[in-house]
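Here the structure is laid out as structure tokens; the discussion comes afterwards.
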Amino acid sequence: MFGRRKIAALVAEFLGTGVLTLVFLSVQRSTIGVPYFIAIAAGLAVLMATFVFGEVSRVHLNPAVTLGLWTARKMGTISGVFYIVAQLLGAWGAYGLYTYFVNSSLQPIGGHYTGRVLVAEAIGAAVLGLGWAAVAFRNVVTTTVKGSVIAVSYILGLVVAAAAGIGLVNPAVALGVRAWNIWGSMGWGTYVLGPVLGVVLAVNLYSLLFAPASALVAEAVVEEEVIVAEAPVRKTTARKTSSRAKSGTKRTSTRRSR
């Protein structure tokens, strides 16, 4: 069930989200923690991760993106669950590493629910979701194009979201920078619900109105089933090939005897 490529994809999501969260923390907590600088740094981190891990992972680095593509049947359920777990663990690991660097714990910054922040996070995430939808429905496989579109979408989404709040549009990063906590109420209604709503609405809107007709066939690619089924298919193919070779040998020998 877990082949080398599958494990590589999960490790890529873990490392990529960790690097993205660490960049957020480093710039956000520095003297140049201006939203524009944070957005540019985050976009560069996403671009780098796409170039490095794009051959083995879809490089979501964002639970909201994974959920949005899942609702549009562009992501398998089991793969999506493991992607989200890897992303949250990567962000949590980045928080631990940053607190080790600065030798201090970080104070929560999320606060409680605010409608304006929720809307800003949702709209910023929608900008990111439109970029991801364009990449997914047009089957963009070129690393340069995919990385550039996603990075630019992320930068613009962060700038929009920062108008009313911190500007994160990523529940995993929000966990890493302490904008929300899993076991409490802080940030659940803003830095988690906002990005998820924004990406889900944007991806499905794109699929209904703007996606190419050829891409509207439901995919729901469950990679686990493909991996499990690969071995028997290869064996069957090998058996067919060998049987054909044997039958060809028998025919040749029969002709020679005649």
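Sort Ser104, Ser207, Ser57 so the one with the fewest other Cβ atoms within 10 Å of its own Cβ comes first. Mind dumping the intermediate values first?
Numbers: Ser104 9, Ser207 19, Ser57 24.
Ordered by Cβ neighbours within 10 Å, fewest first: Ser104, Ser207, Ser57.
According to the square roots a ≥ b ≥ c of the eigenvalues of the Cα gyration tensor, what is the shape class of the stretch 4-221, taking rounded for a/c under 1.5, prolate for a/b larger than b/c otherwise, and oblate for the remainder?
In terms of gyration-tensor shape, prolate.
Could you list Thr71, Thr31 so that the one with the fewest beta carbons within 10 Å of its beta carbon is first and the one with the most is last? Write down the numbers at each step before the final one.
Values: Thr71 16, Thr31 6.
Lowest count first: Thr31, Thr71.
Order of Thr50, Thr17 from fewest to most other C-beta atoms within 10 Å? Kindly include the intermediate steps, with their values, before the conclusion.
Numbers: Thr50 25, Thr17 32.
The most exposed by this proxy come first: Thr50, Thr17.
A short reminder: the numbers here are calculations on the coordinates, not readings from a lab. Being a predicted model, the structure only gives us computed values, none of them experimental. Backbone-built Cβ (ideal geometry, glycine too); neighbour counts: all protein chains shown.
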